[in-house]
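Here is the structure we will look at, set down as structure tokens.
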Amino acid sequence: MKIIKPRRDGQVKAADTAIKKNVKKSYKPLRKQKSEEELKDKNQLLEAVNKQLHQKLTETQGELKDLTQKVELLEKFQDNCLAILESKGLNPDSETAESQEESSTDHADSMLLLETLQGELKLFNETAKKQMEDLQQALKVKLKMKEEERAQFLEQQTLCNSQVNDFATALEEMEHLLEM
């Protein structure tokens, strides 16, 4: 600060008024600046995480659609296998004893294959459902955490705004006292 030697009363008052205005314009509490920067950083981080979660959700929905299509194809294949088995089992009287043995062996093999296929299909379906439930649960947990962080962020922002208002009021009171 520059020291001004008083020559006249009017010059000193004008200099003091100019200094007060400059101090008022440049004064910002350090805590306020830091908390505002932290809040902005947290807000940007939350927005980035939210975008990532939406992207993962979209990818997961695409994977689920693919899995659903595969299940439908397997079910069609299973229906075709059942139709073939039923068509072979409809005419047992017209076959010879030897062909009946081959037919019964083929039928047993087909039934075993069908049961294996059904078991694998059920396992696949259960696994897909479990993965979907796990992904949905994980997404719910992350969304809840982000909502809690957002609520905390809003509380901190409100608190900071309140503090800013308190500081502004106190500063105005001090300026008023200094003017007296």
Given a Förster distance of 30 Å, the FRET efficiency implied by the Cβ-Cβ spacing of Met145 and Gln33, rounded to the nearest 0.05, works out to 0.60
Once all protein chains are kept in place, Lys42 shows an accessible area at probe 1.4 Å, nearest 10 Å², of 100 Å²
Filtered pair list for the stretch 121-179 (Lys only, Cα < 19 Å, 8 or more apart or interchain) has a length of 4
In nm, the gap between the two label points placed 7 Å beyond Cα toward Cβ at Gln44 and Thr58 is 2.3 nm
Largest first and rounded to whole Å, the semi-axes √(5λ) derived from the alpha carbon gyration tensor of the stretch 47-93 read 46, 4, 4
A chain fully extended from Cys160 to Leu73 at 0.36 nm per residue, minus the present Cα-Cα distance, gains in nm 25.5 nm
A correct Kirkwood calculation over the Cα atoms of the stretch 36-180 returns a hydrodynamic radius in Å of 21.9 Å
In the stretch 121-179 the accessible area split gives carbon plus sulfur, as whole percent at 1.4 Å, a share of 56 percent
Treating every alpha carbon of the stretch 121-179 as one equal point scatterer without solvent, the Debye formula yields log10 I(q)/I(0) values at q = 0.15, 0.16, 0.21 Å⁻¹ of -0.67, -0.70, -0.83
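The values are calculated or read from the model by the stated rules, or taken from the named source; none is laboratory data. These figures come from a predicted structure and were not determined experimentally. FYI the Cβ positions are ideal-geometry reconstructions off the backbone, even for glycines, and counts take in every protein chain you see. Side chains included, ligands, DNA and RNA excluded: accessible areas come from the protein's heavy atoms. Shrake-Rupley method; radii C 1.70, N 1.55, O 1.52, S 1.80 Å.
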